[in-house]
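Undergrad: If you scroll down you'll find the structure; I have some questions about it.
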Amino acid sequence: MDDRFGIDNIKRFLADNPAGCDYLTGLANRRGLYSFCEELGDGAKLTAMYIDIDNFKRINDIYGHSRGDEFLVKVSEYIGKYVPGFVARIGGDEFVVLMDGDMDREEVAHIADELIKNMAGIQMRQDILSLVSMSIGIAMDQVYNGTPDDILSHCDSAMYTSKDGGKGTFTFYNEQDKTLSLARNIERNMKQGLADREFEVLFQPKVNMVTSEIVGAEALSRWIHGTDIYFPDTYIPVFERNGFISKLDMYIFEEACRLKSGWRDTIFGNLVISVNLSRAHIYEKDLPDRLCAIADRYGIPYEELELEVTESIFVKDSNELIAMTEKLQSRGFLVSIDDFGSGFSALNLLKDLKVDTVKLAKEFLGKSSNTMRGRQVIRSIISMCRDLKINVVTEGVENREQVDFLIGCSCQVAQGYYYSRPLENDDFIRYASKHKSNILGAYHFDLSSPDLASEDGSIRMIYSGDRVIFKEGIFKGSRSVSFPGGEIERNLLELEPRAISNDSFTIAFWLYPEELATWASAIYVKFETGFASFSPLAWEGHASYRIRDSREVNGWYDTTTCYLDKGLWWHVVMTYNSYTEMARIYINGDPIAQSENVPTNRFVKRIMIGGDVFQPSIKARICELMIYNDPKDFDFIRDLYESYVNNPEFVGGKQRHLI
Ligand code: C2E
Ligand code: CA
Ligand code: CA
């Protein structure tokens, strides 16, 4: 037994080194630790243990600093009692123990185990003790070589392995040699790597699942070092520990701005790009200024840049984070919570923290979406975010079932392999060009006056009948076209076919059925390859959105909706998305039904309102017809509906909500 680690020698050492003593606990401080090692001399063999108190900050937060200090004193005594060696407090809640280098592994493991298990024996209130635990890292067979830095970094990284493994555990350094040598390699090469521009930015699209349109992208880093590609999982944790992450994040932010500035003249030039922000930044007062300076250099508006901060930061440094978030937002940047639901969700924080977006963690979707309860939780979180006007993006969407489930929960934006992996700039440009719609025609026909053209005057309508009859519309004093019924292709309006010039479309209108006749169409679009129509009365009294593909004998696709009473105004919206081959119908702002695998019809030949080419014409009133050349999403359609019913002039009568 090396008596330099004995109690008498340690007492003597502390008495000789007052500057090496910690004022609070009477243990050695960091300086004392260095002096003690120096006394041991080069070549001394040591066993080192790194002890970190998990969640110590919560004691301070909940019970105040004097209780926190009291706890640290008690814990110091406790550690001193259990371990046969030199103990130093080298940070707020971090302790290092140096012991005889000849101890065997069993013995050390036993000590660590006892330390973790017996914390309840500390003389403190149990409610305080129940908050905390210990994570321990142990390095055996260490040799002092003039500085304890290597030894400390070994047991420190073993301690982090314990923390990652779920806290309240201990880990031996040699058990994680492999990851460590990689980590050392990474540390050795990181500075040069950054200087040599070895870090590359990939972009992963964020996609609106309803319209299939790209609505944003996340910048993710890769490290191309010689012939190796390192993924973020290997280097980000290392950089977070040694502080290099700040440099990397700024570099990635700048690279993302630089690449984005190259998209300026494309149709996705204004796409919002998000960049990850590590916790290291939130204490940097000048961060907003630095980000602005970079964005300015590349001429990127701040509104097109979003910063993703992970949920775990919110739990630990919530006040700082709220302050930083407000500062960033006041400049115009967007802020999102990343990996929401992966750890201790700080649901509470959503009260104080007005983030723009919440990103649901992929782990969450994976495990939880398999059970009823899990699904209910996801659904409720999405619904809560919508109430708070926070956007929701779900990460890690990999298959069609997840898409359907999320759409069913009214989450519209996804980021995941189902749509695309992270892409290099060139591939991203190809993807975005394909999935960003051009400025597509939208036409508004109020149908209230003899001039039946679209509001912008560009599209006209012709009436095939004696004369158009107008009756009351949905607004005070407004009018609607009243279709009197009649033979096939009589008493209906015919619209210039170029009003629909895209494979995907949205048709919205107000309908007041006056008499219900089976299969009479309110709207009928004839394509070269089939048709799409809406009949207020079809299957067993229910309304139907029907698409016919005449290229196939059995090509009938019906989306049956609810029952529409006559003598009431209904807001009807039909959408078709040629990318997902999905037809959807909405009544009074709510998505009512959808059909999958509906083939895309091409080339509109005729558009009729009030009848079709097969059936007698309809008896109904129609007004406020909107035609869009893209498949609008839930939010858009609900907002459209609400813009009518919240209009003080709205007299559309009783509104029945269907969901
Ligand atoms: P993250 O911010 O949660 O980024 C999303 C990660 O999920 C990415 O991993 C992405 O490739 C992956 N992912 C996307 N879709 C799917 C899917 O459908 N299935 C599965 N299984 N995974 C999917 P990646 O690129 O390996 O990045 C890992 C993490 O590293 C990121 O997680 C982010 O937290 C961090 N990171 C990456 N680059 C940076 C950076 O420049 N700075 C900082 N601070 N962190 C970064
Ligand atoms: Ca992220
Ligand atoms: Ca994430």
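The values are calculated or read from the model by the stated rules, or taken from the named source; none is laboratory data. A quick note: this is a predicted structure, and the numbers were derived from the prediction, not measured. Please note: Cβ atoms are built from the backbone with ideal geometry, for glycine as well, and neighbour counts cover all protein chains shown. Accessible surface is based on the protein model in full, side chains and every heavy atom, while ligands, DNA and RNA are left aside. Shrake-Rupley method; radii C 1.70, N 1.55, O 1.52, S 1.80 Å.
Undergrad: Among K389/K619; K389/K434; K526/K566; K74/K247, which pairs are too far apart, with a Cα-Cα distance over 31 Å?
TA: With Cα atoms farther than 31 Å apart: K389/K619; K74/K247.
Undergrad: Taking Cα pairs under 8 Å and at least six residues apart, what relative contact order does the chain come out at, in percent?
TA: Answer for the chain is 10 percent.
Undergrad: Restricting attention to the range 2-109, which chymotrypsin sites (Phe, Trp or Tyr not before Pro) occupy a DSSP loop and are surrounded by at most 16 other Cβ atoms within 10 Å?
TA: Values: sites: F5, F13, Y23, Y34, F36, Y50, F56, Y63, F71, Y78, Y82, F86, F95; in loops: Y23.
Loop-located and lightly packed - Y23.
Undergrad: A further question on this structure: By how many nm would the segment from T518 to S318 grow when fully extended, if each residue of separation counts as 0.36 nm and the alpha-carbon distance is taken off?
TA: Length gained between T518 and S318: 65.9 nm.
Undergrad: With a 1.4 Å probe and every protein chain kept in, tell me what percent of the accessible surface of the range 454-546 is carbon plus sulfur.
TA: Carbon and sulfur atoms account for 47 percent of the accessible area of the range 454-546.
Undergrad: Expected output is a single nm value to one decimal: the length gained when fully extending between D69 and D456, i.e. 0.36 nm times separation in residues minus the C-alpha distance. What is it?
TA: Working it through step by step, the gained length comes to 132.1 nm.
Undergrad: For S380, what is the net charge nearby, where nearby means another residue's Cβ is under 13 Å from its Cβ and Lys, Arg count +1, Asp, Glu -1?
TA: +3
Undergrad: Please work out the Cα center distance from the range 580-659 to the range 493-541, rounded to the nearest Å.
TA: What the calculation gives is 9 Å, centre to centre.
Undergrad: Just the number please: accessible area per residue for the chain, 1.4 Å probe, all protein chains included, in Å².
TA: 45 Å²
Undergrad: Can you give the % of DSSP beta bridges in the chain that are antiparallel, to the nearest 5? Numbers along the way, then the final one.
TA: Numbers: 106 of 134 bridges.
So the antiparallel bridges in the chain amount to around 80 percent.
Undergrad: Each residue of the range 213-227 in turn: what ³J(HN,Hα) in whole Hz from Karplus with 6.51, -1.76, 1.60 and θ = phi - 60°, glycine and Pro shown as x?
TA: Computed from phi, the couplings for the range 213-227 are 8, 6, 10, x, 7, 9, 7, 10, 9, 9, 10, 9, 10, x, 8 Hz.
Undergrad: Between D196 and T266, what is the label-point separation in nm under the 7 Å Cα-to-beta-carbon projection?
TA: Roughly 2.9 nm, to one decimal.
Undergrad: Still on this structure: When a/c reaches 1.5 or more, the comparison of a/b and b/c decides; with that in mind, is the range 498-553 rounded, prolate or oblate per its Cα gyration tensor?
TA: The shape class here is oblate.
Undergrad: Run the paramagnetic zone check for D639: 7 angstrom along Cα to Cβ, then residues of the range 413-442 with backbone nitrogen under 20 Å.
TA: Output list for this probe position: 413-414, 436-442.
Undergrad: If you take the beta carbon distance between D387 and Y579 as r and set R0 to 30 Å, what does 1/(1 + (r/R0)^6) give as a FRET efficiency, to the nearest 0.05?
TA: Using R0 = 30 Å, I get an efficiency of 0.50.
Undergrad: Trypsin sites (Lys or Arg not before Pro), restricted to the range 213-305: which are DSSP loop and have at most 13 other Cβ atoms within 10 Å?
TA: Numbers: sites: R222, R241, K247, R258, K260, R264, R279, K285, R290, R297; in loops: R264, K285.
Filter output for the range 213-305: R264, K285.
Undergrad: Right, another one. Compute the label zone of R375 within the range 405-428: residues whose backbone N is under 15 Å from the point 7 Å along Cα-to-Cβ.
TA: 405-411
Undergrad: What FRET efficiency would be calculated for the residue pair L347, D466, taking the C-beta separation as r and a Förster radius of 60 Å, to the nearest 0.05?
TA: In this case the efficiency is close to 0.40.
Undergrad: Still on this model: Exceeding 28 Å between C-alpha atoms, which entries from my cross-link table qualify? They are K436/K605; K327/K351; K57/K206; K206/K354; K327/K359. Don't skip to the end; give the middle numbers.
TA: Working: K436/K605 26 Å; K327/K351 17 Å; K57/K206 36 Å; K206/K354 21 Å; K327/K359 21 Å.
Those over the limit are K57/K206.
Undergrad: Okay, next question. Quick one: if you stick a label point 7 Å off each Cα along the C-beta vector at H444 and R551, how many nm between them?
TA: 3.6 nm
Undergrad: What full-extension length gain, to one decimal in nm, is calculated for R184 and E114 as 0.36 nm per residue of separation minus the Cα-Cα distance?
TA: Numbers: separation 70, 0.36 × 70 = 25.20 nm, distance 3.12 nm.
Value of the extension gain: 22.1 nm.
Undergrad: Quote the FRET efficiency, to the nearest 0.05, computed for Y251 versus D404 with a Förster distance R0 of 22 Å and r equal to the Cβ-Cβ distance.
TA: The calculated FRET efficiency here is 0.05.
Undergrad: Using only the Cα atoms of the range 154-258, build the gyration tensor, take square roots of its eigenvalues as a ≥ b ≥ c, and label the shape rounded, prolate or oblate: rounded if a/c is under 1.5, else prolate if a/b is larger than b/c, else oblate. It would help to have the intermediate numbers written out before the result.
TA: On the way: a/c = 2.63, a/b = 1.57, b/c = 1.68.
The shape class here is oblate.
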